[in-house]
Each structure stands twice: as structure tokens, then as C-alpha cells.
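**Q** Below are the C-alpha cells for one structure; questions will follow.
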Amino acid sequence: MLDYFMYVADLPLTCLEKIEMLFDFFIQDQNHLSIIFMVNFESYAAHLNEPVEDVLDFNALNRKIWHEYSRIIQNGVEDGSIRAGLPVKETLITLMNSFALFSRKLTMKKNILLLESDLDSDKQLVLLKQIFLDHLKA
């Protein structure tokens, strides 16, 4: 995941285009082992009363991912692709957190065989992506 954030941050695209690529990553990658591992690890760690082994490594990886995302946010401040009047940093952090958490929740739900869904996970994520992008567009 870190490699993809680094790759996107380095592309010569607008912030809005980069955000769309990250949303697409979460849509396409929700069945990837790294996403499933993160969902399972966070769920496991949340139910323990003591620190989890290797949690420092996990936190360090998350900080590196956020560093790359902050580069994308700075790009949004500078390139004008995000609608004027929005607090760019706060908005992009909130939208990405919401999208990633929703994607993880759908992944977790997909792994529970007895749960049924009225709407396919991918369709839900594509709809949410469009709502978020429409909100951001300059």
C-alpha cells in the first residue's frame, strides 16, 4: 500500500486525479491480502488489553503512508483542483479516512459468509467515490 501511495504522490497529476486513483485502489484492492490483513490486525488489536507485538512497525508504516498522502494534500492546496472554500487538508483527510474505513468494513463483511448484502460492495464504493469527487471538484 505504501508503494502505491508513493507512486501516486509522484505522478504529474492534479490532486483530484490522485484522490480518484486512491479511491480506485481501495475499490480494486479490497480483496487483496494486505487489506484483509489490516482489517484483521486492527480488529484483533482493538480487543486486546495489552500492546500487540509489532504494533510499532504497523504504526511506522501508517506514518509513512500518511506522509505520502500529505504530499498529495499539499498538491491540492497548490493546484486549485479542489473546490475553493473547502479546508483542503481537513476535507481530504476526512474523506480518505471515511472511504478507507468503509472499504475495510465491506471487506470484513464480505468475509463473513452468512451475511447478505442488498448491494454489491464495489457498487457501493463506486457510488461513494463519485459523491466524494463531486463534493471536491473545483
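The values are calculated or read from the model by the stated rules, or taken from the named source; none is laboratory data. Given the structure is predicted, the values throughout are model-derived calculations rather than measurements. For accessibility, only protein heavy atoms count, side chains too; no ligands or nucleic acids. Shrake-Rupley method; radii C 1.70, N 1.55, O 1.52, S 1.80 Å.
**Q** Of the accessible area of the chain, with the probe set at 1.4 angstrom, what percent is carbon plus sulfur? It would help to have the intermediate numbers written out before the result.
**A** On the way: 4990 of 8640 Å².
It is 58 percent, rounded to a whole number.
**Q** Scan (i) 23.9, 86; (ii) 13.6, 42; (iii) 15.9, 47 for the value of Rg and Dmax of the Cα atoms in Å calculated from this model and give just the label.
**A** Recomputing Rg and Dmax of the Cα atoms in Å here gives the entry labelled (iii).
**Q** Per residue, how much accessible area does the stretch 57-138 have with a 1.4 Å probe, in Å²? Intermediate values should be presented prior to the final figure.
**A** On the way: 5190 Å² over 82 residues.
On a per-residue basis, the stretch 57-138 sits at 63 Å².
**Q** Once both axes come from the Cα atoms, what is the angle between helix 55-79 and the longest principal axis of the chain, in degrees from 0 to 90, rounded to 10?
**A** 20
**Q** Something else: Relative to the first principal axis of the alpha-carbon coordinates of the chain, what is the inclination of helix 33-46, with its axis defined by its Cα atoms, in degrees from 0 to 90 and to the nearest 10?
**A** So the inclination is approximately 70 degrees.
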